[in-house]
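Since the structure comes first, as structure tokens, the remarks are kept for the end.
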Amino acid sequence: MRTLLSYQVKLPASLCLTCLISLSAFCQYRTLTESPMFRKDKVNLFQDSAGQAIYGLPYMDSLYKAGLARFQIFSMHTSGNSVFWHIRFISSLPSIRSNWIGKSFPVTIFFDVDRHIINTEKLKGAIVIINCWSVTCGPCVAEIPDLNRLVDSLGGKKVVFLGITYDQLPEIDQFFRSQKLKEFLHTEKPVFRFRLIGEQKDFLNNKLGVISYPTTFIVGTDGIIREVLEGVDLDKDRQPRSYERIRAAIDHLMP
């Protein structure tokens, strides 16, 4: 089964982030218990897929705060009053970039969160930016202002922006209404200006094989993937460089 989320702490400034919760990536997460992904109404348990050991949230949180836990969450299930997060402890994440450069982006029909149809086959002739993200991914959220600026700066250009997530539609709606997001983005009306497509767990796992979040695919006008950007690069002030990275790739493709 493909992995979905990973978390780590104590990052050097030059490290390319995968999907993690850290103070630098999404500033309100000082502990795992503050993350919106964890169910406050249930007992949160972590089940190691390798050894089947089960850990409680206080124990995992103590490792997280001490910088000792680096793990991926790849699925979850609920049972009674408990939610089980299926995890895998990891030392490093493989890259899928070489698997996709020069290949066609899979022809797929999506419905966005407003129930409008998107046929990727009909997007040929435009540059397409596909950002794979999640509401529970700190770095994904941290780069939203950069991605919004990208959309604003390319108004009128033939560029299509899609944001694909495995999150359910109610989770996406709740996320954009959350007070934490409003405080983080410094606005009472948070928005992600990409066309958002939810409930795509199978597509992300089994079609694209996405391992780290965020992952951004940059597709040329011919439907061929020209670049894959995994994680979030940080500048010297530990701010995302998503705008610069994606804009450079787009400029290279534009006539």
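Where a number appears in this text, it was derived from the coordinates with a stated rule and is not lab data. On a predicted model such as this, the values are computed, not experimentally measured, just so you know. All Cβ positions, glycine included, derive from the backbone under ideal geometry; neighbour counts span all protein chains shown.
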Problem - Percent of beta bridges antiparallel (DSSP, the stretch 51-191, rounded to nearest 5) - result: 65 percent
Practice task
Based on other C-beta atoms within 10 Å, arrange 134, 95 from fewest to most.
Solution key: 95, 134
Fill in the blank from the handout: Against the 2.2 N^0.38 Å rule of thumb, the C-alpha Rg of the stretch 53-185 sits at a ratio of 1.31
Practice task
Work out how far the C-alpha atoms of the stretch 97-253 reach from end to end along every principal axis, then list the three figures in whole Å, largest first.
Solution key: 41, 36, 32
Practice task
Rounded, prolate or oblate: pick one for the stretch 213-255, where a ≥ b ≥ c are the square roots of the eigenvalues of its C-alpha gyration tensor, a/c under 1.5 means rounded, and failing that, prolate if a/b is larger than b/c, else oblate.
Solution key: oblate
